[in-house]
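The values are calculated or read from the model by the stated rules, or taken from the named source; none is laboratory data. This structure is a prediction, so every number in the text was calculated from the model and none was measured. We place every Cβ from the backbone using ideal geometry, glycine too, and count neighbours over all the protein chains shown.
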Amino acid sequence: MKRTIVTLPGDGIGRTVLEEAIRVLKAVGFEADYVEGDIGWEFWCNEGDPLPNRTIQIIEEHKIALFGAITSKPKEEAFNELAPHLKEKGLVYSSPIVALRQHFNLDICLRPCRTYKGNPLNFIRRGANNTIEEPDVDVAIFRQNTEGLYGGVEWSNPPKKVYEALLTHPRFVKNFGDVPVEELSVSTRIFTKKATSRILKAAFGHAKKYGYKSVTVCEKPNVIRETSGMMYKMAREIRDAEFPGIELWNTNIDAQMMWLTKNPENYGVIVAGNMFGDIVSDGFAGLIGGLGFACSAQVNPETGIGVFEPAHGSAPKYAGFPKSIVNPIAMIESACMMLDYIDEQGFAGKIRKAVAEVIEEGSVQTYDMKKMTGSQEAIENGAATTRQMADAIIAKLG
């Protein structure tokens with residue numbers, strides 16, 4: 001049956017890379033109807049809502065979405081860019097992608113980071129006897145996507161009930177009890193057992209299915225004892241009860257970022273809460289070429305809803321170029337993750353093979369792969385445009 005895919009171009013370069021990914025999908029033979037949903041800065045400025053209800057409705061109907069990128073700005077800047085007739089309505093900007101995750105409970109986020117042979121941006125290090133080593137990185141990072149520091153439960157000048165609740169904690173009284181309430185800003189970090197169990201089981205299940213030897217909980221349980229501590233405790237229980245053949249490792253987020261460049265090839269599956277998962281996934285993405293290669297999936301297995309997006313932002317400084325220079329591979333790889341999710345692995349495998357061949361061959365490289373400054377002059381100096389990179393991948397599909 002022909003599927004309908006919701007496309008969410010968003011802002012900046014989002015539309016550009018999304019259009020190229022769809023061209024690749026069509027070229028490989030994947031047949032679908034595409035319906036566009038409204039999301040992003042334009043709709044915040046003109047409607048006061050960066051995620052209109054009409055977009056939520058079409059995602060509810062069709063389940064699967066490809067997402068480009070969004071622009072987010074600080075609170076005051078966001079308010080200043082509102083249309084004049086909206087400024088007296090008490091509107092406060094919040095990220096539409098975070099709202100999308102929370103509305104559909106897309107709490108399982110997978111960000112794979114794998115090196116491509118021949119990628120000039122792959123991480124290298126100095127080995128014994130002054131040798132140069134290029135380790136193979138193959139890490140699957142599971143990020144809890146809806147809770148933690150990104151849960152949105154926060155206040156500036158907290159209301160009376162919140163402030164009184166904080167005063168029940170002795171450490172708050174000791175460290176902040178004499179701070180005027182109007183000078184306080186509070187962000188919460190909330191973990192629930194249900195969501196924590198689900199992300200942990202997804203991580204262990206992925207390790208078992210794809211033959212990874214270890215799952216690493218990357219948190220900070222020695223300091224953030226209640227939330228990070230709960231995740232690690234539950235990981236031990238789940239491993240012992242359901243996945244005894246998989247090693248369980250425990251790293252602190254700060255030490256993990258140091259070890260990234262020491263032994264990245266040792267890690268298999270990593271699981272973390274929202275903020276630390278965001279940090280460690282960007283860190284590993286840097287080892288495989290940067291955000292131009294960083295794809296992601298965020299899904300709810302119970303409803304079947306999935307949103308697939310590159311990890312890069314909207315890059316507005318590149319959006320207005322006469323010829324786009326940005327690397328579309330992260331978006332194309334995200335489309336491959338979508339294909340995997342809807343059991344079209346054959347198409348996904350063909351696209352990944354084509355991407356690998358283009359990268360290894362090396363004759364077509366975007367500005368980032370050539371280590372050039374991101375400017376229009378990069379094209380004149382031999383860098384491929386966004387379209388040329390997609391064209392090269394399509395040519396390898398035969």
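The figures follow:
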{"quantity": "Spans of helices (runs of 4 or more DSSP H) in segment 6-68 with at least 1 residues in contact with a Phe, Trp or Tyr (Cβ under 8 Å, 6 or more places away or on another chain) and farther than 17 Å from P328 by Cα", "calculated": "41-47, 53-62"}
{"quantity": "Residues being assigned to a strand (DSSP E or B) and surrounded by 15 or more Cβ atoms within 10 Å (Cβ to Cβ) - total across segment 141-154", "calculated": "5"}
{"quantity": "Residue that is acidic (D, E), buried (at least 18 other Cβ atoms within 10 Å of the Cβ) and under 20 Å from D340 (Cα atoms), where the choices are E19, E31", "calculated": "E19"}
{"quantity": "Single match in D254, D278, D340, D282 (criterion: assigned by TED's automatic domain parsing to the domain that holds A99 and surrounded by fewer than 22 Cβ atoms within 10 Å (Cβ to Cβ))", "calculated": "D340"}
{"quantity": "Qualifying positions in segment 69-83 - surrounded by 15 or more Cβ atoms within 10 Å (Cβ to Cβ), in a loop (DSSP other than H, G, I, E, B) and out of contact with any Cys (no Cβ under 9 Å at 6 or more places or on another chain)", "calculated": "I70, T71, S72"}
{"quantity": "Residues (assigned to a helix (DSSP H, G or I), closer than 30 Å to D340 by Cβ and among the small types (G, A, S)) located in segment 164-223", "calculated": "A195, S197, A202, A203, G205, A207"}
{"quantity": "Some residue of segment 227-239 being touching a residue at least 40 places away in the same chain (Cβ under 8 Å), within 21 Å of M275 (Cα to Cα) and of a type in the set (D, E, K, R)", "calculated": "no"}
{"quantity": "Single residue of A83, A140 found to be modelled with pLDDT of 95 or more and in contact with a Leu (Cβ under 7 Å, 6 or more places away or on another chain)", "calculated": "A140"}
{"quantity": "Residue within segment 92-100 that is in the same structural domain as M1 (by TED's automatic domain parsing), within 30 Å of M372 (Cβ to Cβ), modelled with pLDDT under 95 and not polar (S, T, N, Q) present", "calculated": "yes"}
{"quantity": "Residues that are surrounded by fewer than 18 Cβ atoms within 10 Å (Cβ to Cβ) and either outside any loop (DSSP other than H, G, I, E, B) or in contact (Cβ under 8 Å) with a residue 24 or more places away in the chain (or both), drawn from segment 84-101", "calculated": "P84, H85, L86, K89, L91, S94, S95, A99"}
{"quantity": "Residue satisfying condition, being farther than 19 Å from P310 by Cα, among the charged types (D, E, K, R) and touching a helix residue (DSSP H, G or I) at 6+ places or on another chain (Cβ under 9 Å), within set D49, D11", "calculated": "D49"}
